[in-house]
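**Q** Dropping a structure here in structure tokens format, bear with me for questions.
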């Protein structure tokens with residue numbers, strides 16, 4: 001039931017896009033991104049909390065490269081991963097971890113027979129300021 005409630009705004013947005021005459025879905029050949037920009041201290045202060053962003057996404061069945069990135073650095077953590085067709089809850093988080101940050105990405109399928117999968121990469125920031133991080137899914141079909 002919670003999945004349906006989370007998906008409703010996405011469905012309404014897609015319906016709105018169709019009414020406006022524009023496409024709200026990516027073609028099979030397009031890389032999709034989930035990203036966030038926020039202020040991050042170079043060294044996470046004690047007690048810092050994770051900063052997360054999430055959305056629900058419908059994916060076609062096929063092989064994907066899945067990875068995370070910080071600014072212009074990209075790490076493909078799961079090349080050629082097969083995903084079944086269906087809805088997924090896609091979450092990214094920047095998690096303070098000592099003197100680094102863990103850029104974490106999670107795919108949680110609506111299908112109860114499939115397992116949730118998670119990837120992550122640690123980053124040391126060169127300076128405090130606004131940073132953009134995220135995750136990508138690059139279809140290989």
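The values are calculated or read from the model by the stated rules, or taken from the named source; none is laboratory data. All values reported here derive from a predicted model rather than from experimental measurement. Cβ placement follows ideal geometry from the backbone for every residue including glycine, while neighbour counts extend to all protein chains displayed.
**Q** Which ones in region 61-78 are over 15 Å from the mean Cα position of the chain (by Cα), touching a residue at least 12 places away in the same chain (Cβ under 8 Å) and not in a strand (DSSP E or B)?
**A** 61
**Q** Also, I was wondering about something else. Give me the residue from region 25-56 that is touching a helix residue (DSSP H, G or I) at 6+ places or on another chain (Cβ under 8 Å) and in a strand (DSSP E or B) and, out of that set, surrounded by the fewest Cβ atoms within 10 Å (Cβ to Cβ).
**A** 55
**Q** For region 102-121, check the following and say yes or no: at least one residue is surrounded by fewer than 17 Cβ atoms within 10 Å (Cβ to Cβ), in a strand (DSSP E or B), modelled with pLDDT under 95 and in contact with a strand residue (DSSP E or B) (Cβ under 8 Å, 6 or more places away or on another chain).
**A** No, region 102-121 contains no residue that is surrounded by fewer than 17 Cβ atoms within 10 Å (Cβ to Cβ), in a strand (DSSP E or B), modelled with pLDDT under 95 and in contact with a strand residue (DSSP E or B) (Cβ under 8 Å, 6 or more places away or on another chain).
**Q** Okay, next question. Given (1) without any contact (Cβ under 8 Å) to a residue 12 or more places away in the chain; (2) touching a helix residue (DSSP H, G or I) at 6+ places or on another chain (Cβ under 9 Å), identify the lone condition not met by residue 89.
**A** (1)
**Q** Just checking, how many residues over region 59-76 are under 14 Å from residue 136 (Cα atoms) and either surrounded by fewer than 18 Cβ atoms within 10 Å (Cβ to Cβ) or in contact with a helix residue (DSSP H, G or I) (Cβ under 6 Å, 6 or more places away or on another chain) (or both)?
**A** 8
**Q** Working only within region 122-141, note down all residues that are under 22 Å from residue 83 (Cβ atoms) and either touching a helix residue (DSSP H, G or I) at 6+ places or on another chain (Cβ under 9 Å) or assigned to a loop (DSSP other than H, G, I, E, B) (or both).
**A** Once the filter is applied, which keeps residues that are under 22 Å from residue 83 (Cβ atoms) and either touching a helix residue (DSSP H, G or I) at 6+ places or on another chain (Cβ under 9 Å) or assigned to a loop (DSSP other than H, G, I, E, B) (or both), region 122-141 yields 140, 141.
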